[in-house]
Amino acid sequence: MRSHQAWLVDLDGTLYHPGPLKVAMATELLLFGVHHAPLMRRFRHEHERLREGGTGSYPNPYAAQVGRTAEACGKSTEAVERIVREWMQERPGKWIYRFRRTGLLRQIAAYRAAGGKTAVVSDYPARRKLETSKLSELFDVVVACGEDHGPPALKPDPTGYLRAAELLGVRPEHCLVIGDRADADGKAARAAGMTFLRVR
């Protein structure tokens, strides 16, 4: 791991333990937002549809996901964006912080302190989630769908990781991708010519 010039890290399921967070967020949704549950299920369904690639590439996959969810649920895109922002970017922060992978985060901090470059590469907007979970300072670059410099396709398309490497000024073969999904992060890393490390 030390031999690489940059670590490109997935966010969801990688920087935190996903099991406890899913339970906490499901409980919070049940208590305070049960009427939003069908919309959130549809939003995740549209994400997987876009990931599978059957619907082609979009300049902004996140906007396509929001739009498809809005159409399916009979709501405005503004309403969907507001609900998703609350339940996927704002509220999870405290749980991400509580269930963070402390060992991995210590490694990232030490690697960066030693001169290594770091980036988050996410299929969802990530900056606000990093802020609310107090993780922003660990990363030099954020490449996330729905944000500036966001990729035009979801993983396993390699564009997000390649864009992060370019922004960091590091050649792909000198990058280590750290993620939790071999079918998304792993395939994207291999397609980009990068090394992949899976967290479990």
Leading residue at positive end of dipole, segment 22-161 (Cβ point charges), from G115, L104, A79: L104
About the Cα centre, charge dipole magnitude for the chain (Lys/Arg +1, Asp/Glu -1 at Cβ), debye: 620
For segment 131-200: accessible area per residue (Å², 1.4 Å): 44
Charge dipole (debye, nearest 20) of segment 127-183; +1 at Cβ of Lys and Arg, -1 at Cβ of Asp and Glu: 140
Of all accessible heavy-atom area on the chain, the percent that carbon and sulfur account for (1.4 Å): 52
At least 15 Å along the helix axis (C-alpha) and Kyte average at least 0.0, DSSP helices within the chain: 18-32, 102-113
Karplus 3J(HN,Hα) series, Hz, for segment 133-145 with 6.51 cos²θ - 1.76 cosθ + 1.60 (x for Gly, Pro): 9, 6, 10, 4, 5, 7, 10, 7, 9, 10, 10, 9, 4
Burial order of peptide ranges 126-136, 106-116 (average beta-carbon count within 10 Å, highest first): 126-136, 106-116
Sequence-distant residues sharing a close amide H with R181 (under 5 Å, placed H): G186
Highest-fluctuation residue, T69, T118, T27 considered, GNM on the chain with Cα pairs under 10 Å: T27
Lys pairs under 27 Å by Cα in the chain, provided they are eight or more residues apart or on distinct chains: 19
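The values are calculated or read from the model by the stated rules, or taken from the named source; none is laboratory data. Only a predicted model underlies this, so the values are computations on that prediction, with no experimental measurement involved. Don't worry about glycine lacking a Cβ; one is built from the backbone with ideal geometry, like all the others, and counts go over all protein chains shown. SASA here: full protein model, heavy atoms, side chains in, ligands and nucleic acids out. Shrake-Rupley method; radii C 1.70, N 1.55, O 1.52, S 1.80 Å.
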